[in-house]
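Novice: Quick one: the structure is below, and I'll ask about it shortly.
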Amino acid sequence: MSESSANTATLSALRAALGAERVLTDPATLDLYASDDGPGHCRPCAVLFPRGHDEVVALARIAHDRRLPLVARGAGSGNVGGALPTSGSAVVSFECMQRILEFAPADRLMRVEAGAITAEIDRLARGRGLFYPPDPGSAPYCRIGGNLAMNAAGPRALKYGGTRDYVLGLRAVAGDGRALMSGCRTTKGVVGYDLTRLLVGSEGTLALITEATLRLLPAPAAVGTLRVCYDGSASACDAVQRVMDQPIIPCALEFMDAHALAAIQRAGGATDLPTATHAMLMVEADGEAEQVADQLQALQQVLRGPGLVEIKQALAAEEVARLWRARRALSGAVKALAPLKINEDIVVPISRLAALTAGIEALARRHELPIVSFGHAGNGNLHVNIMVHPETSGELARAQACLQSLFETVLELGGTLSGEHGIGAAKRAYVPLEIPAETLALMRAIKREFDPRGILNPGKMFPDA
Ligand SMILES: Cc1cc2nc3c(=O)[nH]c(=O)nc-3n(C[C@H](O)[C@H](O)[C@H](O)COP(=O)(O)OP(=O)(O)OC[C@H]3O[C@@H](n4cnc5c(N)ncnc54)[C@H](O)[C@@H]3O)c2cc1C
């Protein structure tokens, strides 16, 4: 549905509520909002730019009355087509809702609008000796509403947890325009059902989140990093298990397999790796400066073991940044390897990580496809990238078969299909592999209660009925 076929009365009602300049239907804007960082492309019929909670209530009422599908959008950095418009939908962009509404250092909280940029929240908190721990790689541009909807996390989740662990309360708007408040502004509170935890990770299917009250922590004074090289994935995964089986919790424990290292080197990074390196860990500790040095020393002890090639330690900020540069360059470096990257985000228990990487190598051989794996090993969460040349005959079909086998392997190992990227449009067909039919039916019933006409992010998260 384009402007010409969109219901003009609906657009007029939206223009009356938001102002004509906040309801855009020109082709250039529609193209700009037709995709996110995941697969797929579909022009919406309009892009809406509300300026506050009340305008979101108003637009949701209009959309409910006129059955207009709404797709919430932060920065569009999601990898699974969560913010991908569906035919005839309007995108609700939170770009004009970026205000920091309250910063209360003594209460260790910040109240923000859904469009606030994640790194900006952290930057402001650090100005008062606090920090906002969730650190997705996209933090410099992604928005807190998107983080909440996907329960985003990053390397620090190992020690500090993900977005869900830093939300005290939310303000949101259900699919029929009902305004709702959840949680409170204290770190303890047990009144009513925990709707906050229900909305976090709901991928824009239950409500449009308009404001969040976020919990902050005192910022660690120092960090130190170890770059640890091994002769292969099995040795590196065994080391991860040893680290997790002792009392120090690193604030990051990242893994890269041989293919990921080769991709970085092809892009000009990590030129100083010993040639015997076929897998690598990045291990970070934080705290007071003396504590960090002690922790790194203790961690080095457990990281030493069969297959170790080299350990490099960095305590100076410049040196730490240099070691992390290679890890941060990875997403782009992997993208350059093939025209299509099927980017998975699976999780297994730490004790099964070595079995997972062995299983991935077996799948790559069986399906004759390169698979690049890296990620948050301390959480058992690997980004598994199946690299595909769709124009090569049969390769796409092999990739699909490989993906199905990957998910089956993960579930056999006691894992889950997604650790942080969510389901969106891309993975919904696979959800029944993990969630039993009766549980899915209960989830659909909850969805109907929040969104009786099914206008919020249709075609996402749930498999076709
Ligand atoms: C280079 C790169 C690195 C990344 N690194 C990480 C990482 O380390 N960890 C991680 O978890 N993810 C990562 N991601 C994925 C992505 O950045 C996260 O999922 C992020 O949370 C998305 O935020 P966004 O503002 O871009 O949301 P969008 O992509 O715009 O939207 C994501 C979902 O949230 C919904 N949504 C957005 N705003 C709202 C709202 N206000 N109310 C209700 N629903 C809403 C959308 O409908 C959609 O379903 C990365 C992506 C890229 C491109």
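The values are calculated or read from the model by the stated rules, or taken from the named source; none is laboratory data. Please read these numbers as outputs of a predicted model, since none were measured by experiment. Here the Cβ is made from the backbone with ideal geometry for all residues, glycine too, and neighbour counts use every protein chain on show.
Novice: Here is a list: Tyr141, Tyr166, Tyr132, Tyr193. Which entry is more than 14 Å from Leu214 (Cα to Cα), within 22 Å of the chain's Cα centre (by Cα) and aromatic (Phe, Trp, Tyr)?
Specialist: Criteria check complete, one pass: Tyr141.
Novice: Please enumerate the residues belonging to segment 97-136 that are within 14 Å of the ligand (Cβ to nearest atom), touching a Leu at 6+ places or on another chain (Cβ under 7 Å) and part of a loop (DSSP other than H, G, I, E, B). If you could, list the steps in order and put the result at the bottom.
Specialist: The first filter runs over segment 97-136 and keeps only residues within 14 Å of the ligand (Cβ to nearest atom), leaving 97-99, 112-122, 132-136.
Keeping just the survivors that are touching a Leu at 6+ places or on another chain (Cβ under 7 Å) gives 112-113, 121, 132-133.
Once the filter is applied, which keeps residues that are within 14 Å of the ligand (Cβ to nearest atom), touching a Leu at 6+ places or on another chain (Cβ under 7 Å) and part of a loop (DSSP other than H, G, I, E, B), segment 97-136 yields Tyr132, Pro133.
Novice: When only residues in segment 409-445 that are in a helix (DSSP H, G or I) and within 16 Å of the ligand (Cβ to nearest atom) count, which is nearest to Gly82 (Cα to Cα)?
Specialist: Step by step, filter segment 409-445, then rank; the result is Arg428.
Novice: Can you tell me which residues in segment 413-443 are charged (D, E, K, R) and loosely packed, with under 13 Cβ neighbours inside 10 Å? Talk me through it step by step, then tell me what you get.
Specialist: Step one: filter segment 413-443 for residues charged (D, E, K, R), giving 420, 427-428, 434, 438.
Once the filter is applied, which keeps residues that are charged (D, E, K, R) and loosely packed, with under 13 Cβ neighbours inside 10 Å, segment 413-443 yields only Glu438.
Novice: Kindly evaluate Ala139 against the criterion of being within 11 Å of the ligand (Cβ to nearest atom), part of a loop (DSSP other than H, G, I, E, B), hydrophobic (A, V, I, L, M, F, W, C) and touching a Pro at 6+ places or on another chain (Cβ under 7 Å). Don't jump to the end; show me each part of the working.
Specialist: Working: within 11 Å of the ligand (Cβ to nearest atom): yes; part of a loop (DSSP other than H, G, I, E, B): yes; hydrophobic (A, V, I, L, M, F, W, C): yes; touching a Pro at 6+ places or on another chain (Cβ under 7 Å): no.
Here the answer is no, as Ala139 does not meet what is asked.
Novice: Quick check, is Tyr160 more than 7 Å from the ligand (Cβ to nearest atom), hydroxyl-bearing (Ser, Thr, Tyr) and surrounded by fewer than 23 Cβ atoms within 10 Å (Cβ to Cβ)?
Specialist: yes
Novice: Is it true that Ala465 is within 16 Å of the ligand (Cβ to nearest atom) and either part of a loop (DSSP other than H, G, I, E, B) or modelled with pLDDT under 95 (or both)?
Specialist: no
Novice: Could I ask something else about it? Taking the condition on the phi > 0 side of the Ramachandran plot and in the same structural domain as Arg15 (by TED's automatic domain parsing), does Arg67 pass?
Specialist: yes
Novice: Could I ask something else about it? Filter segment 24-48 for residues that are farther than 19 Å from Glu203 by Cα and of a type outside the set (Ser, Thr, Tyr) and give the result.
Specialist: Of everything in segment 24-48, those that are farther than 19 Å from Glu203 by Cα and of a type outside the set (Ser, Thr, Tyr) turn out to be Leu24, Asp26, Pro27, Ala28, Leu30, Asp31, Leu32, Arg43, Cys45, Ala46.
Novice: Tell me which of these Asp54 doesn't satisfy, since it passes every other one: (1) touching a residue at least 12 places away in the same chain (Cβ under 8 Å); (2) surrounded by fewer than 22 Cβ atoms within 10 Å (Cβ to Cβ).
Specialist: With (1) touching a residue at least 12 places away in the same chain (Cβ under 8 Å); (2) surrounded by fewer than 22 Cβ atoms within 10 Å (Cβ to Cβ) applied to Asp54, the lone miss is (1).
Novice: Which residue is farthest from Met280 (Cα to Cα), if the candidates are limited to segment 207-252 and must be within 16 Å of the ligand (Cβ to nearest atom) and among the hydroxyl-bearing types (Ser, Thr, Tyr)?
Specialist: Thr210
Novice: Quick check on my filter: what residues within segment 12-36 are part of a helix (DSSP H, G or I) and crowded, with 18+ Cβ neighbours inside 10 Å?
Specialist: Of everything in segment 12-36, those that are part of a helix (DSSP H, G or I) and crowded, with 18+ Cβ neighbours inside 10 Å turn out to be Ala13, Leu14, Ala17, Leu18, Arg22, Leu30.
Novice: Among the residues of segment 142-154, what is the count of those that are assigned to a loop (DSSP other than H, G, I, E, B) and either at pLDDT below 95 or of a type in the set (Lys, Arg) (or both)?
Specialist: Within segment 142-154, residues that are assigned to a loop (DSSP other than H, G, I, E, B) and either at pLDDT below 95 or of a type in the set (Lys, Arg) (or both) number 1.
Novice: Looking only at segment 45-59, decide whether some residue is in contact with a Lys or Arg (Cβ under 7 Å, 6 or more places away or on another chain), at pLDDT 95 or above and within 18 Å of Gly154 (Cβ to Cβ).
Specialist: For segment 45-59, residues in contact with a Lys or Arg (Cβ under 7 Å, 6 or more places away or on another chain), at pLDDT 95 or above and within 18 Å of Gly154 (Cβ to Cβ): absent.
Novice: Select from segment 172-228 the residues that are surrounded by fewer than 15 Cβ atoms within 10 Å (Cβ to Cβ) and either in contact with a Cys (Cβ under 8 Å, 6 or more places away or on another chain) or of a type in the set (Gly, Ala, Ser) (or both) and list them in ascending order.
Specialist: Gly189, Val191, Gly192, Ala221
Novice: Moving to a separate point now. Could you grab me the full set of residues in segment 120-139 that are touching an Asp or Glu at 6+ places or on another chain (Cβ under 9 Å) and free of Cβ contacts under 8 Å to residues at least 60 places away in the same chain?
Specialist: Asp122, Pro134, Asp135, Ala139
Novice: May I pose another question? Name the one entry in Val243, Val228 that is modelled with pLDDT of 95 or more, assigned to a helix (DSSP H, G or I) and under 22 Å from Val320 (Cα atoms).
Specialist: Val243
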